[in-house]
Amino acid sequence: MKKKYYSDLKRLRSLKDEEIDTSDIPELDASFFEKAVVSLPRPKATVCIRLDQDVLDWFRSQGKGYQTRINALLRAYMEAQGNN
């Protein structure tokens, strides 16, 4: 899957603007921007956390962004627990 993903990205990067079909993308008018909300990223903290080696190996094997995926998983768990 990763090889196909990266080959697709390479193919897409090589397209010229006029070769990209944008006919299915609606135009954005003023009403869109009136309702738009600016969302800034949350600040990150650097921490040291102990993980089982096999857990860390698995996340790393998923490729770049493994720390972001760990964070997303922890956030989903936190939100599922509610405000306890």
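For the stretch 1-40, the mean projected area of the C-alpha convex hull, equal to one quarter of the hull surface, is 5.2 nm². Using alpha carbons only, the radius of gyration of the chain set against its Kirkwood radius gives Rg/Rh = 1.10. Legend: helices of the chain (whole DSSP H runs) are marked when their alpha-carbon atoms reach 27 angstrom or more along the helix axis and their mean Kyte-Doolittle hydropathy is at least -0.5; nothing is marked. Specify the inter-centroid distance of the stretch 10-40 and the stretch 60-83, based on alpha-carbon positions, in whole Å. Result: 28 Å between the Cα centres.
Summing Lys, Arg as +1 and Asp, Glu as -1, what charge do residues with Cβ under 14 Å from the Cβ of Q62 carry, Q62 excluded? Around Q62, the surrounding residues sum to +2. For the chain, the mean residue ellipticity at 222 nm estimated from helices alone is -16000 deg cm²/dmol, where every DSSP H run of n ≥ 4 contributes -39500 (n - 2.57) and the total is divided by all residues, rounded to the nearest 500.
Expressed in units of 2.2 N^0.38 Å, where N is the residue count, the Cα radius of gyration of the stretch 42-84 is 1.29.
Read the figures in this text as sums done on the coordinates, not as results from a lab. Everything numeric here is computed off the predicted structure, so don't read it as measured data. Cβ atoms come from the backbone with ideal geometry, glycine included; neighbour counts cover every protein chain shown.
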